[in-house]
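Q: One structure is given below, represented as structure tokens, and several questions about it will come after.
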Amino acid sequence: MKKMIIHGGKRLTGEVVIGGAKNSTVAIIPASILSESKVTLDGVPRIQDVDNLRDILTDMNVTSEVTEQGLEIDPTQIISKPLPNGKIKSLRASYYFMGALLGRFGRAIVGLPGGDDIGPRPIDQHIKGFEALGATVSNEHGAMFIQAPDDGLHGAKIYFDMVSVGATVNVILAAVRATGTTIIENVAKEPEIIDLATFLNNMGAKIRGAGTDTIRIEGVPHLYARNAHTIIPDRIEAGTYLAMAAACGNGVTVRNIISEHLDSFLAKMEEIGVRFDIVEDSIYVYPTGDLQMVTIKTMPYPGFATDLQQPITPLLLKAQGEGMIVDTLYPRRVRHVPELVRMGANISVENDVILLHHTDQLQGTDVTADEIRAGAALMIAGLMAEGTTTIHKVENILRGYDQVITKLRGLGADVEMIDEDEPSSTLTSAEVFQKKAL
Ligand SMILES: CC(=O)N[C@H]1[C@@H](OP(=O)(O)OP(=O)(O)OC[C@H]2O[C@@H](n3ccc(=O)[nH]c3=O)[C@H](O)[C@@H]2O)O[C@H](CO)[C@@H](O)[C@@H]1O
Ligand SMILES: C=C(OP(=O)(O)O)C(=O)O
């Protein structure tokens with residue numbers, strides 16, 4: 001286990017470059033097993049979810065190699081194998097192997113996934129989609145057994161009862177090689193869904209409508225990757241650094257952003273009073289003056305992303321007045337709140353609503369990152385705080401934040417990551433460096 005030590009209070013300056021989107025990458029890596037030729041991915045972020053997906057590929061005899069640009073995956077020698085346990089439990093997106101194996105082999109045995117502990121995360125819509133395509137699905141001792149009929153999956157009309165990123169991805173993966181036409185209604189419209197569809201279409205799939213409410217798929221018998229696919233920039237990582245820049249920056253440029261993917265987030269930043277300039281694929285955030293408290297309600301894309309409600313919270317603590325956050329997707333995504341309270345934040349939860357009040361100054365202390373975006377919030381709070389903040393369970397942050405220590409140091413942050421058993425006591429990070437060098 002690792003911990004992050006932040007000596008707060010430094011004003012951040014300079015530039016940070018955003019990596020490829022975690023939520024695209026973790027769908028596209030499982031999708032690559034549908035290809036009958038080698039797959040080249042550029043812009044793959046260096047995150048633990050990718051390492052864990054690569055381990056799962058290895059279990060299926062699919063080799064992968066990290067290159068300077070990204071990742072090469074060779075699925076040509078793949079074997080159909082049950083994946084009931086192991087790394088499957090280490091991340092959410094491992095459940096995309098259900099759809100991908102079903103699409104490739106007509107059967108899948110995959111353990112129920114792990115991922116962030118942010119309240120109940122059922123998969124009933126994924127199952128509804130697989131069944132509509134003709135598969136039989138059963139849950140046996142925590143693993144899903146999914147089997148296509150003898151004559152293979154067939155196209156179907158599916159209406160999702162709620163908008164789900166995971167169910168949309170999984171049903172696309174199962175349907176691309178099914179016989180006939182599949183129409184999926186009330187699908188997720190996230191940019192990561194469009195990225196996945198682009199990747200699959202470039203391999204010969206026929207997916208239309210990604211980014212709208214309805215996706216139409218004409219099944220094809222074979223898929224071959226021919227060109228390298230570049231993963232889109234991570235809008236959640238971008239939002240995190242933008243919020244950080246506003247909370248403790250002295251003029252920060254965030255590069256490699258598709259600003260349209262952040263429309264609702266940027267509108268909220270403006271409402272708070274943050275000033276920024278968008279120039280092509282970069283956003284410059286000015287040092288902030290007076291800020292206004294706001295109300296945030298998370299919604300499926302293009303609404304305000306649940307994954308950004310925690311990262312924007314420390315910034316809101318600087319604002320005047322009283323604010324509120326309602327996470328309609330994950331009402332119990334509040335594990336950062338008690339940790340922020342320990343840092344002196346005036347924040348509470350009542351009936352699943354996060355209530356925020358202006359806080360003069362956060363104080364560094366020991367806190368725990370119970371999930372990825374709670375960790376991002378604590379990281380920003382630690383940078384804003386007086387004194388030293390030690391964040392435990394940093395692995396949750398490393399699941400999805402690309403080269404985070406390097407990026408923070410590039411902005412001038414005084415931050416260090418060390419093993420839990422290594423003494424850090426009251427040393428500054430410069431002293432820790434010195435000690436390591438001896
Ligand atoms: C790897 C990945 O892309 N993860 C993202 C994905 O997670 P994930 O794909 O798990 O989230 P979903 O979009 O599926 O979940 C949205 C909502 O639908 C509910 N639901 C979902 C499926 C289902 O079968 N039944 C059901 O009730 C969920 O409990 C939740 O309330 O979208 C979330 C919502 O934007 C983000 O926070 C995650 O970062
Ligand atoms: C909830 C998240 O991730 P996952 O779905 O991979 O658990 C997230 O990225 O904020």
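Q: Using the per-residue mean of other Cβ atoms lying within 10 Å as a proxy for protection, in what order, highest first, do the peptides 303-309, 122-128 fall?
A: On the way: 303-309: 22.3, 122-128: 17.6.
Highest mean packing first, the order is 303-309, 122-128.
Q: Here is a further query. Using each residue's phi in region 103-114, evaluate 6.51 cos²θ - 1.76 cosθ + 1.60 at θ = phi - 60° and report the 3J(HN,Hα) Karplus result to the nearest Hz, with x for Gly and Pro.
A: The phi angles translate into x, 7, 10, x, 7, 8, 10, 9, x, 5, x, x Hz.
Q: Turning to a different aspect of this structure: Cα to Cα, under 17 Å, and not fewer than 8 places away if on the same chain: which aspartates and glutamates meet these conditions relative to residue 157?
A: Result set, ordered by chain and number: 124, 131, 185, 213, 218.
Q: Right, something else. Go through 67, 406 and list them by solvent-accessible area, largest first, probe radius 1.4 Å. Numbers along the way, then the final one.
A: Values: 67 35, 406 95 Å².
So, going from the largest accessible area down, we get 406, 67.
Q: Another question about this same structure. Enumerate the lysines that residue 81 could reach by cross-link, defined here as Cα to Cα under 18 Å, with residues fewer than 8 away along the same chain left out.
A: Within the straight-line limit of under 18 Å, residue 81 reaches these lysines: 89.
Q: Within region 131-167, list the residues whose amide N lies under 11 Å from a label point set 7 Å along Cα→Cβ of residue 121.
A: Flagged as within label range: 166.
Q: Whole-Hz Karplus ³J(HN,Hα) for region 389-406, in order, using 6.51 cos²θ - 1.76 cosθ + 1.60 and θ = phi - 60°, x for Gly and Pro?
A: Karplus-based 3J(HN,Hα) across region 389-406 equals 10, 10, 9, 8, 6, 5, 3, 5, 6, 5, 3, x, 10, 5, 6, 5, 5, 4 Hz.
Q: Give the long-range amide H neighbours of residue 385: residues separated by 5 or more places, or on another chain, with amide H under 5 Å away, using H modelled in the peptide plane at 1.01 Å from N.
A: When sequence neighbours closer than 5 places are left aside, the close amide H contacts are 9.
Q: With the Cα gyration tensor of region 91-190 giving a ≥ b ≥ c as the square roots of its eigenvalues, does the rule (a/c under 1.5 for rounded; else a/b larger than b/c for prolate; else oblate) give rounded, prolate or oblate? Walk me through the numbers before you get to the answer.
A: Working: a/c = 1.90, a/b = 1.20, b/c = 1.58.
Cα axes put region 91-190 in the oblate bin.
Q: To continue, here is another question. Going by accessible area, probe 1.4 Å, with all protein chains left in place, what is the ranking of 2, 38, 10, largest first? Before the final figure, lay out the partial values.
A: On the way: 2 70, 38 130, 10 100 Å².
Final ranking, largest accessible area leading: 38, 10, 2.
Q: With the Cα gyration tensor of region 22-230 giving a ≥ b ≥ c as the square roots of its eigenvalues, does the rule (a/c under 1.5 for rounded; else a/b larger than b/c for prolate; else oblate) give rounded, prolate or oblate? Walk me through the numbers on the way to the answer.
A: On the way: a/c = 1.29, a/b = 1.14, b/c = 1.13.
Rounded shape, in that the Cα axes give a/c under 1.5.
Q: Moving to a separate point now. Would you rank 261, 141 by solvent-accessible area, highest first, keeping every protein chain in place and using a 1.4 Å probe?
A: Ranked from most to least accessible, the order is 141, 261.
Q: In terms of modelled amide H atoms, which long-range or inter-chain residues lie less than 5 Å from the amide H of residue 399?
A: 48
Q: My understanding is that a pair violates if its Cα-Cα distance is over 28 Å; which of 2/268; 2/22; 22/206; 22/87; 189/318 do that in this structure?
A: Values: 2/268 34 Å; 2/22 21 Å; 22/206 24 Å; 22/87 17 Å; 189/318 33 Å.
Pairs exceeding 28 Å: 2/268; 189/318.
Q: Measuring from label point to label point, each 7 Å out along Cα→Cβ, what is the residue 161 to residue 147 span in nm?
A: Once both label points are built, they end up 2.6 nm from each other.
Q: Placing unit charges on C-beta atoms (Lys and Arg positive, Asp and Glu negative, everything else neutral), compute the dipole magnitude of the chain about its Cα centre in debye, rounded to 20. Provide the component values of the computation, followed by the final result.
A: Numbers: 40 positive and 55 negative charges, 94 e Å.
Rounded to the nearest 20 debye, it is 440 debye.
Q: Please give the per residue accessible area of region 34-132, computed with a probe of 1.4 Å over protein heavy atoms only, in Å². Before the final figure, lay out the partial values.
A: Details: 3940 Å² over 99 residues.
Heavy-atom accessible area per residue stands at 40 Å².
Q: For the chain, with all protein chains present and a 1.4 Å probe, just round the carbon and sulfur fraction of the accessible area to a whole percent. Don't jump to the answer; show the numbers that get you there.
A: Details: 8330 of 17230 Å².
Carbon and sulfur: 48 percent of the exposed surface of the chain.
Q: Now for a different question. Give, in nm to one decimal, the length gained when the segment between residue 139 and residue 420 is fully stretched (0.36 nm per residue of separation minus the Cα-Cα distance). Provide the component values of the computation, followed by the final result.
A: Details: separation 281, 0.36 × 281 = 101.16 nm, distance 3.73 nm.
Gain in length upon complete extension: 97.4 nm.
Q: Moving on. Just subtract the alpha-carbon distance of residue 208 and residue 358 from 0.36 nm times their residue separation and send over the number in nm, one decimal. Working shown, then result.
A: Details: separation 150, 0.36 × 150 = 54.00 nm, distance 4.68 nm.
Net length gain for the segment: 49.3 nm.
Q: Also: Quick one: in region 175-317, what % of C-alpha pairs are over 23 Å apart?
A: Values: 4606 of 10153 pairs.
That fraction is 45 percent.
Q: Going by a ≥ b ≥ c, the root eigenvalues of the Cα gyration tensor, does region 344-383 fall in the rounded group (a/c under 1.5), the prolate group (a/b larger than b/c) or the oblate group? Write down the numbers at each step before the final one.
A: Working: a/c = 2.20, a/b = 1.15, b/c = 1.90.
Note, shape of region 344-383 comes out oblate.
Q: Could you sort 266-273, 236-243, 389-396 so that the peptide with the highest average Cβ count within 10 Å comes first and the rest follow in order?
A: Numbers: 266-273: 17.1, 236-243: 27.2, 389-396: 21.8.
Per-residue mean Cβ counts within 10 Å order the peptides as 236-243, 389-396, 266-273.
Q: Please work out the FRET efficiency for the pair residue 2 and residue 218, using the Cβ-Cβ distance as r and a Förster radius of 41 Å; give the result to the nearest 0.05.
A: On the way: r = 47 Å, r/R0 = 1.15.
Using R0 = 41 Å, I get an efficiency of 0.30.
Q: Which whole-Hz ³J(HN,Hα) couplings does region 154-160 yield from phi under the Karplus relation 6.51 cos²θ - 1.76 cosθ + 1.60, θ = phi - 60°, glycine and proline marked x?
A: Those phi angles translate into 10, x, 7, 9, 10, 10, 6 Hz.
Q: While we're on this one: Can you list residues from other chains, or at least 5 along the same chain, whose modelled amide H is less than 5 Å from the amide H of residue 232?
A: Under 5 Å from the amide H of residue 232 lie the amide H atoms of 21, each far enough along the sequence or on another chain.
Q: If each DSSP helix of 4+ residues adds -39,500 (n - 2.57) and the sum is divided by the residues in the chain, what number results at 222 nm, nearest 500 deg cm²/dmol? Before the final figure, lay out each step's value.
A: Details: 14 runs with 135 residues, N = 438.
Value at 222 nm, helices only: -9000 deg cm²/dmol.
The values are calculated or read from the model by the stated rules, or taken from the named source; none is laboratory data. Please read all numbers here as calculations on a predicted model, not as lab measurements. Using ideal geometry, Cβ is built from the backbone for each residue, glycine included, and neighbour counts are taken over all protein chains shown. The protein model used for the area step is the full one, side chains on, heavy atoms only, and it has no ligands, DNA or RNA in it. Shrake-Rupley method; radii C 1.70, N 1.55, O 1.52, S 1.80 Å.
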